[in-house]
Amino acid sequence: MSNVEAIIFDLWQTLIFDNRELGRDRTRLRIEGASRVLSRAGYNFTYEHLRESFRNCYRICHAKHDIGEDYSFDEQVRIFINCIEDGLLKSLDQTYIDKINYHYAEAFFDFLPPVDPDALDLLNILNKEGYKIGLISNTGMTPGRLFRRYMEDLGILKFFDVLTFSDEVGLTKPSKEIFDITIEQLGVPRDKVVHVGDHIVNDVVGAHNADVRVILVGSAQGKEAIEKPEVHVDRLRDVQYALKILPEKY
């Protein structure tokens, strides 16, 4: 039986599930919102131009993620504006920048990723069993503050002792440092911590970089040659079982 005192969860594709269609719809809303704001400010850019600017912003942010770091959400929006036209950020009134920021963020709530149907029950059980519970998320195009709102709406925010969002700490998985920050805030020795996630690199490699055991959830079968988790289960609900068979940390 494992000796676990704290469990850290991934968010995307572990507790909530996104897909390309939802992502495309959010992107469309972000671009349309920016277009309306810029039009009111006296700038007229085609949808295609704004879409390519958004893609360029994504590439810049992704390159940052590749070195284990992240931009704040406000920085990401400023990068997007600069990608539209050199000097645009300096010439825009802050009111318009704030409105673009708003549309960029709030698109998340127009196309919400569904929560795993077993998440609420699982977190409730783990909380009652006395585990400390944390979360680490690479936030992507949505700020951590909106994830908190959504988690509150879902009724799961109350179960978390620590929330670590990449846009707020400037770090991304699989960097060791983002795990270190979370473990320190949980106040539990890392040999008593387990991480639960779906991604071989971000979650398994990342947790192992921080010397933390991993329960891999979902359809990553066959990719384990990259880095093998301590336990691999098919569904989130199976985490309870996985905790019982998780090998001790020596």
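The values are calculated or read from the model by the stated rules, or taken from the named source; none is laboratory data. Not measured: the values here are computed from a predicted model. Cβ sites come from the backbone with ideal geometry, for glycine too, and all protein chains shown count toward neighbours.
Residues in the stretch 1-27 that are more than 16 Å from the chain's Cα centre (by Cα) and under 21 Å from PHE147 (Cβ atoms): ALA6, ILE7, GLU21, ARG24, ASP25, THR27. Remark: pairs (first residue in the stretch 69-98, in contact (Cβ under 8 Å) with a residue 24 or more places away in the chain and assigned by TED's automatic domain parsing to the domain that holds GLY33; second residue buried (at least 17 other Cβ atoms within 10 Å of the Cβ) and hydroxyl-bearing (Ser, Thr, Tyr); Cβ separation under 6 Å; 6+ apart in sequence or on different chains) = ASP70/SER166; ASP70/THR172; VAL77/TYR104; CYS83/SER53; ILE84/SER53.
Of all residues in the stretch 6-42, those satisfying the criterion of being surrounded by fewer than 16 Cβ atoms within 10 Å (Cβ to Cβ), in a loop (DSSP other than H, G, I, E, B) and of a type outside the set (Gly, Ala, Ser) are PHE17, ASN19. Within the stretch 181-233, the set of residues being among the β-branched types (Val, Ile, Thr), out of contact with any His (no Cβ under 7 Å at 6 or more places or on another chain) and surrounded by 19 or more Cβ atoms within 10 Å (Cβ to Cβ) comprises THR182, ILE183, VAL188, VAL193, VAL194, VAL196, ILE200, VAL204, ILE215, VAL217, VAL231.
Just one of the listed residues (ASP74, ASP98, ASP116) is of a type outside the set (A, V, I, L, M, F, W, C), under 27 Å from LEU171 (Cβ atoms) and in contact with a strand residue (DSSP E or B) (Cβ under 9 Å, 6 or more places away or on another chain), and it is ASP116. Scanning the stretch 234-247 for residues that are surrounded by fewer than 16 Cβ atoms within 10 Å (Cβ to Cβ) and among the hydrophobic types (A, V, I, L, M, F, W, C) gives a single hit, ILE245.
State all residues of the stretch 79-94 that are of a type in the set (Gly, Ala, Ser) and either in contact with a helix residue (DSSP H, G or I) (Cβ under 7 Å, 6 or more places away or on another chain) or not in a loop (DSSP other than H, G, I, E, B) (or both); if no residue qualifies, say none. The one that is of a type in the set (Gly, Ala, Ser) and either in contact with a helix residue (DSSP H, G or I) (Cβ under 7 Å, 6 or more places away or on another chain) or not in a loop (DSSP other than H, G, I, E, B) (or both): SER91.
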